[in-house]
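Quick note: the coordinates plus some simple rules give every number you see, no bench work behind them. Note that this is a predicted model, so its numbers are computed, not measured. Quick reminder, even Gly has a Cβ in these numbers, built from the backbone with ideal geometry, and neighbours come from all protein chains shown.
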Amino acid sequence: MNQKSPFEQWRENHLYQIAVSPEILKLIAEAFQGGRLYEMQPFQKREWVGLTDEERDDLLDNYITAEGRARAIEAKLKEKNT
């Protein structure tokens, strides 16, 4: 019985989910052959950074409407977490 390589197993399980150019597929196959995919570290989850009481109070004091406050808070959180 011919055992499938790790790349062939991956390709069967994942290829249908994504459109992959032949060049990219070749790079993925080479990475499997060299064992590099097994050495990759998973992405580190970043800890969420919220607003300080001072930041929150400042944003709430400087915007009159609920929509303005919501947009300002959203923008500040995005700035701190990207």
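With a Förster radius of 22 Å applied to the beta-carbon distance between Ala31 and Asn81, the computed FRET efficiency rounds to 0.10. Between Tyr63 and Lys45, the modelled labels are 2.7 nm apart [label points 7 Å from Cα along Cα→Cβ].
Note on Arg56 and Ile73: the extension gain reaches 5.4 nm, defined as 0.36 nm multiplied by sequence separation minus the Cα-Cα distance.
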